[in-house]
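First comes the structure, then the notes that go with it.
Every read-out reported here was derived from the displayed coordinates using simple, explicitly stated rules and does not represent laboratory data. Bear in mind that the values here come from a model prediction, so they are computed numbers and not experimental data. Positions of Cβ are backbone-derived with ideal geometry, glycine not excepted, and every protein chain shown enters the neighbour counts.
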Amino acid sequence: MSAALFIDITLWGSVAVLGFMVWRRGRVLALASAREGAMDFINIVPRIALGVIGSGYIAAIIPPEVITGWLGPDSGWMGVLAATIAGAATPGGPVVGFSIGAVALKVGGGTPQVIAYVISWALFAFQRLILWEIPFMPAKFVWFRAAVSLPFPFLAAALSMAIGKP
Amino acid sequence: MRTKQDETLSPPDLIHLAEPPTDPADDSAEAEAPRKQRRPIGWSMIFIAVLVAICVVLVWRRDGIHGVTEILYGDLALFGGILPRVLAGCLLGAFITEILPHEKVSRSLGPNSGLKGLLIGTAFGAILPGGPFTAYPVAAALLTVGADFGATIAMVVSWTLIGYGRAVAWELPILGTDFTIWRIVLSLPIPILAGALGRVVYLRFYPKGEAVE
């Protein structure tokens, strides 16, 4: 829990510092700005609620074992494709994602495939998309960002295949 | 900055007040509001809601009503836990929008900022502390004050791929030093390439330079 406490202290510390900087420019401005943030919050709460509660149900439909199955010793480009889909479909937080990658490495998954998996998870994990990215960012930007990110798990896998492991 | 298509839509202010959840114009109207606009429920949320509804039914058929309520209680607890951080993230975004000099941001991160803008976005994403509750509000604030899609894509992708927070806390202990460093080295060019690709595609989609949120 100390990590969570550290995060919260840094987070609220940043809020306080920035709030103070706005405050020094004028009280009216600071109050308007804080109100703006609070309105954003009120607006975002229903979306976050849908994201949190919804992704719990989606995650319940996709058991981690299924994801691990897609990341077997199957090598080559089909393996990279499977790894990329698996990364996007992985439910849960970083512990789940990275652990699945570690298991895949242990059971003989190739490095390029696991790299594609980790990068795809970082770029597209559905839970982060619907829980954080879509509520906070303009939806148009999020879809745009995801679409132009599509080639990159494959590019990283290709680089990994070409260079090999150092 | 109004395009012909948008003139046929209702003005943004009306959309803020009304709540037309099925209005297909939502997304295009979003881009028009000069300042940070509050979005009504858009297509993305409807899509997610439908997906969630399907999954709830699947869980219910598999585990019965008990399975449904169990997940609901667990998620509600999680939801309560992250709310304060979401509030902090929103305040952070609002303050940053106020503090950052808009002209400077649009010069160094705007559509004409070139490779330098993508590099700044990448560096910013890599050093940004905190989790998703800081990264996304800050990215949204950058869009509001004049960064373009390309530089913001570079920032978001850099935060998720080469940001140190998650790598140090989770990836290193679970996947090991060798793999993590190798993975990050291979990821280094990705934010810049993604941002550049984003700019090219954006120009194809919006050749007239539609206002960025």
| task | Counting other beta carbons within 10 Å of each Cβ, put A:90, B:134, B:69 in order, fewest first. | result | B:69, B:134, A:90
| note | Excluding near-sequence neighbours (fewer than 8 apart on one chain), the protein assembly as shown holds lysine pairs with C-alpha atoms under 24 Å apart numbering 11
| query | Where does the charge balance sit around residue B:86 when Lys and Arg score +1, Asp and Glu -1, over other residues with C-beta under 12 Å from its C-beta? | reply | +1
| Pairing the Cα long axis of helix A:139-149 with the longest principal axis of chain A, what angle in degrees results, from 0 to 90 and rounded to the nearest 10? | 30
| task | Give me a single rounded figure for A:89-100: the average over its residues of other chain Cβ atoms within 10 Å of their Cβ. | result | 3
| query | By average Cβ neighbour count within 10 Å, what is the ranking of A:17-26, B:189-198, B:102-111 from highest down? | reply | B:189-198, B:102-111, A:17-26
| task | Measure off 7 Å from each Cα along the Cα-to-Cβ vector at residue B:78 and residue A:77, then give the distance between these two points in nanometres to one decimal. | result | 3.6
| Set of segment A:110-152 residues, backbone N closer than 19 Å to the point 7 Å along the Cα-Cβ line of residue A:163 | A:110-123, A:151-152
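Over segment A:62-163, what relative contact order in percent results from Cα pairs under 8 Å that are six or more residues apart?
Numbers: 124 pairs, mean separation 32.1, N = 102.
Rounded, it is 31 percent for segment A:62-163.
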| field | For q = 0.11, 0.13, 0.14 Å⁻¹, Debye-computed log10 I/I(0) when each Cα of the protein assembly as shown counts as one equal scatterer | value | -0.80, -1.13, -1.30
